[in-house]
Protein chains: 2
Amino acid sequence: MELMPYLGSVAKTTDAYLIRTFGSASDNLYRASAHLLVAGGKRLRPAVAMLAADAVAPGRSQDIFPAAVALELTHTFTLIHDDIMDGDSLRRGAPTVHKKWDEPTAILAGDVLYARAFEHICLAKATEKAKVRAVGMLATACIEICEGQHTDMSFENRSDVSEEEYLSMVGKKTGALYAASAGIGGLLAGGSEEQVEALYRYGMKTGIAFQIQDDLIDLMASPEKSGKDRASDLREGKQTLIMIRAKAAGLDLSEYRKELTDTEIDEAIAKLEKANIIEGVRQTAFSLVETGKRDLAVLPDSEERRLLGEISEYFVTRGH
Amino acid sequence: MELMPYLGSVAKTTDAYLIRTFGSASDNLYRASAHLLVAGGKRLRPAVAMLAADAVAPGRSQDIFPAAVALELTHTFTLIHDDIMDGDSLRRGAPTVHKKWDEPTAILAGDVLYARAFEHICLAKATEKAKVRAVGMLATACIEICEGQHTDMSFENRSDVSEEEYLSMVGKKTGALYAASAGIGGLLAGGSEEQVEALYRYGMKTGIAFQIQDDLIDLMASPEKSGKDRASDLREGKQTLIMIRAKAAGLDLSEYRKELTDTEIDEAIAKLEKANIIEGVRQTAFSLVETGKRDLAVLPDSEERRLLGEISEYFVTRGH
């Protein structure tokens, strides 16, 4: 099977489930919980979980589908809370939950999805032992996401963030949930310890690569494509791998820490390209994907293992 | 054993565990998570969980101790988030987390404890099956707590809340976690379906009674005892059972919706006492405790069953 039709089919199934389960609420709190959840999205974490399940035990992805949904619920809960913390008013081209409702409702809407995520792990068809371990794995991922978000916010007051610190932060903020997606999928489908650990490492590395690509998209893509304001990281002086390497190369981008015209953004990009920063950052993401794919070697050869490789290549080639 | 020494010993054990596990953090996020957690508290939910465990299977409370801690972690997470939503600056006589740090840190500090709660359920010594059910029970309680808090906030814009609506809100906001405490304790200790359900009902009813007593304490107790501002519900025109019954009795307390002197508070209390409202509300709490205690009849006669009865009497007789 081709990757894009596969992703399309997972997104369709996931959307249908989410709309059926969360989409018809009339109560304000439940409408707020559902707002972002049913607004689409690529459903990449469910896809990774389901591919991981089929890669260790062909045909098991259907059984673990509720756990795949749990990963999307977790992702959405973190987005709702992050948007409050970051004061963002737009997400996927629509108003964020705390803007459309209010902050208390957004805090609670996130908290509801948080509980629903753990509930959905337990709804999977798997051994009780695997479910208990999956709950633990999800809890660990949630803690790391919080740590990552907290560290990311603390970077705002610093100009000396190292590449190592950035990668550690991103590993928690984004890598941990992809690691848990692959790990939980394999675990619930009955994968061996070795397979589950390999899937976890694959998810961690490719998840970091995913975030690096997100930073590149923020800088390079048009707002119509990304659904966000263009070059917001540059305007806010955010410490991304791009900015950290620019600084290390002696490139001063502090003049761009203000409202920017498209011409100014293009000018900054040209400087970064000339100094080989963009290409270097892209290479780092590619090589994380390559080493992540090598972790999959412990899995039996299968269509799904191949698709896990392809999805991670998509992480670093996508334009939005 | 007497109740007070028993509660003292649970609090001591719980405090020691929490301080050991959460108390020595140097990182800001972890200090914020630990702030309220290690600041004391009566640890009533852990006590209920441990008594329920011993009441169905003598000596099992030690095995389920991590789950007892999970209930305190859940309670603390909801307090941290509630304080943000309610804009409260004092809790247990100390600054609230979002005041001592900031809102983003408080949101994350709560989110960390939330994950830690689910992690701690899994750390209990119990069958895998019981743990999976306990995770589901905790998730359900968390969802109900969010619903209850949301409904409670929506009451602020209404003056026509019925007694039934109030009791339903309180059942979710406070009853659900006591129900889960008793239910999870019994479940993890290997209680039968009938026993677990009875414990759940006991926890729900006595938890509602607990909240009614909280409302009475808010009105009657001195701030030194309660650690909160006196009569805050009266000043804010909050819809408690007291206020709802006062309104039904034709007693207009709207003049007290402002900053109040002690004399004015005493005057309002005198009016409520004269109209028999205070006594009636107290009776409602007492009778919830009585019916809750009757649910315990399915458990074998034991010291711990008796203490579960006594702890619920304490819920409605305590002065702070």
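Numbers at a glance
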quantity: Which listed residue is in contact with a helix residue (DSSP H, G or I) (Cβ under 6 Å, 6 or more places away or on another chain) and of a type outside the set (Ser, Thr, Tyr), from A:265, A:269, A:277; calculated: A:277
quantity: Residue identified as modelled with pLDDT of 95 or more, within 14 Å of chain A (Cβ to nearest Cβ), closer than 27 Å to residue B:39 by Cβ and more than 15 Å from the chain's Cα centre (by Cα) among B:115, B:176, B:130; calculated: B:115
quantity: Residue in the range B:150-165 that is at the interface with chain A (Cβ under 7 Å from one of its Cβ atoms) and surrounded by 24 or more Cβ atoms within 10 Å (Cβ to Cβ) present; calculated: yes
quantity: In the range A:151-192, the residues that are of a type in the set (A, V, I, L, M) and either free of Cβ contacts under 8 Å to residues at least 40 places away in the same chain or touching a strand residue (DSSP E or B) at 6+ places or on another chain (Cβ under 8 Å) (or both); calculated: A:169, A:176, A:179
quantity: Cβ pairs under 7 Å, 6+ apart, first in the range A:278-298 and in contact (Cβ under 8 Å) with a residue 24 or more places away in the chain and within 10 Å of residue A:209 (Cα to Cα), second surrounded by 14 or more Cβ atoms within 10 Å (Cβ to Cβ) and among the acidic types (Asp, Glu); calculated: A:289/A:313
quantity: Residue in the range A:1-39 that is nearest to the chain's Cα centre (by Cα), counting only those that are small (Gly, Ala, Ser), surrounded by 15 or more Cβ atoms within 10 Å (Cβ to Cβ) and part of a helix (DSSP H, G or I); calculated: A:11
quantity: Qualifying residue in the range B:218-234 (condition: out of contact with any Leu (no Cβ under 6 Å at 6 or more places or on another chain), at pLDDT 95 or above and in a helix (DSSP H, G or I)); calculated: no
quantity: One residue from B:271, B:293 being of a type outside the set (Ser, Thr, Tyr) and touching a Gly at 6+ places or on another chain (Cβ under 6 Å); calculated: B:293
quantity: Matching helices (runs of 4 or more DSSP H) fully within the range A:106-196 where at least 3 residues are touching a Gly at 6+ places or on another chain (Cβ under 7 Å); calculated: A:176-188
quantity: Whichever residue in the range A:55-64 is surrounded by 23 or more Cβ atoms within 10 Å (Cβ to Cβ) and either out of contact with any Leu (no Cβ under 9 Å at 6 or more places or on another chain) or hydrophobic (A, V, I, L, M, F, W, C) (or both) and, among such residues, is nearest to residue A:184 (Cα to Cα); calculated: A:64
quantity: Residue in the range B:87-102 that is within 8 Å of chain A (Cβ to nearest Cβ), free of Cβ contacts under 8 Å to residues at least 60 places away in the same chain and part of a helix (DSSP H, G or I) present; calculated: no
quantity: Residue list for the range A:15-28, filter: modelled with pLDDT of 95 or more and in contact with a helix residue (DSSP H, G or I) (Cβ under 7 Å, 6 or more places away or on another chain); calculated: A:17, A:18
quantity: Any hit, the range A:40-51, residues being of a type outside the set (S, T, N, Q), within 14 Å of chain B (Cβ to nearest Cβ) and either crowded, with 24+ Cβ neighbours inside 10 Å or in contact (Cβ under 8 Å) with a residue 40 or more places away in the chain (or both); calculated: no
quantity: Cβ pairs under 7 Å, 6+ apart, first in the range B:66-85 and within 15 Å of residue B:42 (Cα to Cα), second among the polar types (S, T, N, Q) and part of a helix (DSSP H, G or I); calculated: B:69/B:14; B:71/B:181; B:72/B:14
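The values are calculated or read from the model by the stated rules, or taken from the named source; none is laboratory data. This is a predicted model, so every value here is computed, not measured. Note that we place each Cβ from the backbone using ideal geometry, even for glycine, and neighbour counts take in every protein chain shown.
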